Amino acid sequence: MKEERSEALWNQAKKRMPGGVNSPVRAYGAVGRIPRFIQSASGSKIVDADGNEYIDYVCSFGPGILGHAHPAVVEAVQKACAGGLSFGAPTQREVELAELISRMMPAVEMLRLVNSGTEAVMSAIRAARGFTGRDKIVKFRGCYHGHSDALLVKAGSGALTTSVPDSAGVPADYTKNTLVADYNDPESVERLFGENPGEIAALVVEPVAANMGVVLPKEGFLPFLRQITQDKGALLIFDEVITGFRLGPGGAQEYYKVRPDLTTLGKIIGGGMPIGAYGGRRDIMEMVSPLGPVYQAGTLSGNPVATAAGIATLTQLQEHPEIYEELDRKGALLADAMRKAFGRAVSVNQIGSLIGLFFMEREATDQESVLMADTGRYADYFSYMLDHGIYLAPSQFEAMFVSAAHSREDLAKTCQALDGYARSLR
C-alpha cells in the first residue's frame, strides 16, 4: 500500500504545525505509522493522497452518521454557501436547528449554539456555576469533555479529591475546583458529595464513555447520578457530544430514560461542519447573557453553513427512523464478528453504532480496567486492518463508528479482515 504522498505531506506539515497535525491523535503516534492525509470521501469510503481507498470506521470521529458527502447535506451546504458564509447576526437557520434539537431531545428546552464540543461543555459548566452559586464540579476519570483548562484533570496520587492538570500550561489553581470520581463507581461519587457539602455545582458525565474506547454505564449508574445530584442540589450535565442523535433520535438520555438538567452536543448536529450546543432547563439557560449574568459569546456561533448541514442531517434522521435499527444491526454484527474472531483474547463493548475493542480478557468497565488493554497489540491490529483497506481510529482509546452508508459488502470485507488478522496470531 502506497504512502509516499502522505509521508511527504506529513514532513512538510511538521515544519508548520506541531507534530504535523491539528489534533494530536491524527499523528498516528500510538500506532507507529505514517498518518494518512485524506483527499476525498463519499459514503462509507475515504481516499488518501496516495489514492488508497478505505472503508471508514472513524466517520470524522462521530459526525458522519449518514456517511460522507450525503447528497442532502451537500446540497444544503452548497445552497447556504451561495448565500454567504457568516454574518455575525441572527439567521432563520439558527432558529430552525434549535427547534429541531428541542423536538428530538425534549430535555433541551432552551439552547445556545457554539462552535465546538469543548466550548459547549465549558459554557454549560459556567451556566451551572452561575445558576447554583457554587464553584466545584465532578467529572469522571476517562471521560473527555474537551480541552478547556478546568476539565484536563485526573485524580492525583490515588486521592479522588486531589486533582492535578493533565496538560502543561494549565495552572493548578484552574483545576482546584474539579473533583474526579471513577466511572461506574457510585461510592466514589457519594464520597465526593460527602466531603464537599453544598459546594458542588454540577456533575458532568458522558452517559456512554466513548473517549476511553467505549465503556457502557452499569445498570442503575445513570439513575443514581440523577438522584444524588437532585438530592444534593447540584446539576446533572450529560455530555452527549458523541452520543447525541447517535444512539437514537433523543440520544443517550432517551435510550437510558434519564433526563439531565443540561446537555452538551456537537458532531452530528453539524453534519460534519464545526458546531456545538449546550442547553437544558429553561430556568438555567435564562441565566445566560443577554437574559442573565452568565456571559458567553461567539462570532461564528450558529453560522449559516454549519446550521444548514445540521438541519439536513437531523431531518434525515427524523424522517428515516429505520436508520437507527440498521445501525444497531450493523454494530451488533461487527461486535459479534470480533468476539468470534478473537474469543477470550478481547473485550468488546457495543451499543448501537458505537464499538470498543480491547485486547484483554477482563471486561472494560472504567479507566482502570481500560488501561490494562494491550495497546501494542492494538497498534499491530490497526496496521493490519489499514493495510487491508479498513480505516480505524489510530488509538486504542477511541470509538469505532458505524454509519448508515456502510453496506453489506463493507461489513463482509471488514469481517474477512478481522478473521485474517485473528488467523495471523495463531
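How much FRET efficiency would the formula 1/(1 + (r/R0)^6) give for L300 and A8, where r is the Cβ-Cβ distance and R0 is 22 Å, rounded to 0.05?
Calculated value: 0.10.
Please state the relative contact order of the range 197-255 as a whole percent: Cα pairs under 8 Å, 6+ residues apart?
39
In whole Hz and in residue order, list the ³J(HN,Hα) couplings for the range 192-199 that follow from phi through the Karplus curve 6.51 cos²θ - 1.76 cosθ + 1.60, θ = phi - 60°; x for Gly and Pro.
Each residue of the range 192-199 in turn: 5, 5, x, 7, 10, x, x, 10 Hz.
Considering only protein heavy atoms and a 1.4 Å probe, what is the carbon-and-sulfur percentage of the accessible area of the range 184-236?
44
Just name one of A72, S23, I38: the one whose Cα is farthest towards the positive end of the charge dipole of the range 15-147 (beta-carbon charges, Lys/Arg +1, Asp/Glu -1).
S23
Just want to confirm a number: the relative contact order over the chain, from Cα pairs under 8 angstrom separated by 6+ residues, in percent.
For the chain, the relative contact order is 22 percent.
Over the range 334-426, give the accessible area per residue in Å² for a 1.4 Å probe, as an integer.
I get 42 Å² per residue for the range 334-426.
Search the structure for amide H atoms under 5 Å from the amide H of A201, placed 1.01 Å from N in the peptide plane, and list their residues when 5 or more places away or on another chain.
Close amide H contacts, sequence-distant or interchain: D135, K136, I137.
What share of Cα pairs, in percent, lie more than 18 angstrom apart in the range 167-271?
Tail of the P(r) past 18 Å holds 51 percent of the pairs.
Give me the extension gain from A69 to E326: residue separation times 0.36 nm, minus the current Cα-Cα distance, reported in nm with one decimal.
90.6 nm
Before rounding to the nearest 500, sum -39500 (n - 2.57) across all DSSP H runs of length at least 4 in the chain and divide by the residue total; then give [θ] at 222 nm in deg cm²/dmol.
Helices in the chain give a 222 nm mean residue ellipticity of -11500 deg cm²/dmol.
Charges at C-beta only: +1 for Lys and Arg, -1 for Asp and Glu. How large is the resulting dipole of the range 308-426 about its Cα centre, in Debye rounded to 20?
With only Lys, Arg, Asp and Glu charged at Cβ, the dipole is about 460 debye.
Using alpha carbon coordinates only, what is the Rg to Rh ratio of the chain, with Rh defined as the Kirkwood radius?
So for the chain, dividing Rg by the Kirkwood Rh gives 0.95.
Going by amide H atoms built from the backbone, whose H comes under 5 Å of the H on V114, apart from near neighbours?
G276, A277, Y278, G302
From the phi angles alone, apply the Karplus equation (6.51, -1.76, 1.60; θ = phi - 60°) to the range 39-48 and give each ³J(HN,Hα) in whole Hz, x where the residue is Gly or Pro.
Couplings: 9, 7, 7, 7, x, 9, 10, 10, 10, 8 Hz.
Which of the GluC sites (Glu not before Pro) found in the range 164-200 are in a DSSP loop and have at most 12 neighbouring Cβ atoms, other than their own, within 10 Å?
Answer by residue number: there is no such site.
Within 13 Å, Cβ to Cβ, of A335, how many net charges do the neighbouring residues add up to if Lys/Arg are +1 and Asp/Glu are -1?
Surrounding charge for A335 is +2.
May I ask you to list the lysines whose Cα is less than 25 Å away from that of K14, ignoring any residue fewer than eight positions away on the same chain?
Within the straight-line cut-off, K14 pairs with K2.
Compute the length gained on full extension between D173 and V95: take 0.36 nm times their separation in residues and subtract their Cα-Cα distance, giving the result in nm to one decimal.
Residue separation times 0.36 nm, minus the Cα-Cα distance, leaves 24.2 nm.
Report the net charge of residues surrounding M285, where surrounding means a beta-carbon distance below 11 angstrom and charges are Lys +1, Arg +1, Asp -1, Glu -1.
Local charge sum for M285: -1.
Leaving out same-chain residues fewer than 8 places away, which lysines sit with a Cα under 27 Å from that of K136?
Counting by Cα, and skipping residues close in sequence, K136 has these lysines nearby: K154, K176, K218, K232, K257.
Using r as the Cβ-Cβ distance of Q78 and D387, and R0 as 35 Å, what FRET efficiency do you calculate, to the nearest 0.05?
0.45
Would you report the distance distribution of C-alpha pairs in the range 306-426 as whole percents per 10 angstrom bin, up to the bin with the largest distance?
Calculated P(r), rounded to whole percents: 12, 42, 30, 14, 2, 0.
Tell me the trypsin sites (Lys or Arg not before Pro) within the range 295-402 that lie in a loop according to DSSP and have at most 12 other beta-carbon atoms within 10 Å.
Passing sites in the range 295-402 are R362.
What number, in percent, do you get for the relative contact order of the range 1-152 if the mean sequence gap of Cα pairs under 8 Å and at least 6 apart is divided by its residue count?
Relative contact order for the range 1-152 comes out at 12 percent.
Quote to one decimal, in nm, the extra length available between R408 and E195 on full extension: 0.36 nm per residue of separation minus the C-alpha distance between them.
Result: 71.4 nm gained on full extension.
Enumerate the calculated ³J(HN,Hα) couplings along the range 174-187 in order (Karplus 6.51 cos²θ - 1.76 cosθ + 1.60, θ = phi - 60°), each rounded to whole Hz, writing x wherever the residue is Gly or Pro.
Per-residue couplings from phi come out as 6, 10, 5, 9, 9, 9, 10, 10, 9, 4, 6, 10, x, 4 Hz.
Note down the Stokes-Einstein diffusion coefficient of the range 1-123 in µm²/s, whole number, using a Kirkwood radius over alpha carbon pairs, 20 °C, and 1.002 mPa s.
It diffuses with D of about 121 µm²/s by this estimate.
Work through the residues other than S60 whose Cβ is under 14 Å from its Cβ and net out their charges, Lys, Arg +1 and Asp, Glu -1.
Net charge in that neighbourhood comes out at +3.
Treating only the Cβ atoms of Lys and Arg (+1) and Asp and Glu (-1) as charged, compute the dipole magnitude of the chain about its Cα centre; round to the nearest 20 debye.
Around 480 debye, computed over the chain.
How far apart, in nanometres, would the label points at K257 and R103 be if each is projected 7 angstrom from Cα along the Cα-to-Cβ direction?
Result for the modelled spin labels: 2.6 nm.
Name the residue from I351, G389, Y421 whose Cα lies farthest towards the positive end of the charge dipole of the range 314-426, charges +1 on Cβ of Lys and Arg and -1 on Cβ of Asp and Glu.
Sorting the options by dipole projection puts first Y421.
Once each part is reduced to its C-alpha centroid, what is the distance from the range 263-321 to the range 8-55 in angstrom?
Here the answer is 29 Å between Cα centres.
Modelled label-to-label distance, N22 and R344, 7 Å Cα→beta-carbon offset: nm?
It works out to 4.8 nm between the two label points.
Determine the distance separating the Cα centre of the range 83-139 from the Cα centre of the range 351-403; give it in Å without decimals.
About 31 Å separates the Cα centre of the range 83-139 from the one of the range 351-403.
Please find the FRET efficiency linking R362 to E286, where r is the Cβ-Cβ separation and R0 is fixed at 41 Å, and quote it to the nearest 0.05.
0.30
The values are calculated or read from the model by the stated rules, or taken from the named source; none is laboratory data. Here the structure is a predicted model, which means the values were calculated and not measured. Neighbour counts run over all protein chains shown; Cβ positions are idealised from the backbone, glycine included. What goes into the accessible areas is simple: the full protein's heavy atoms, side chains included, and nothing from ligands, DNA or RNA. Shrake-Rupley method; radii C 1.70, N 1.55, O 1.52, S 1.80 Å.
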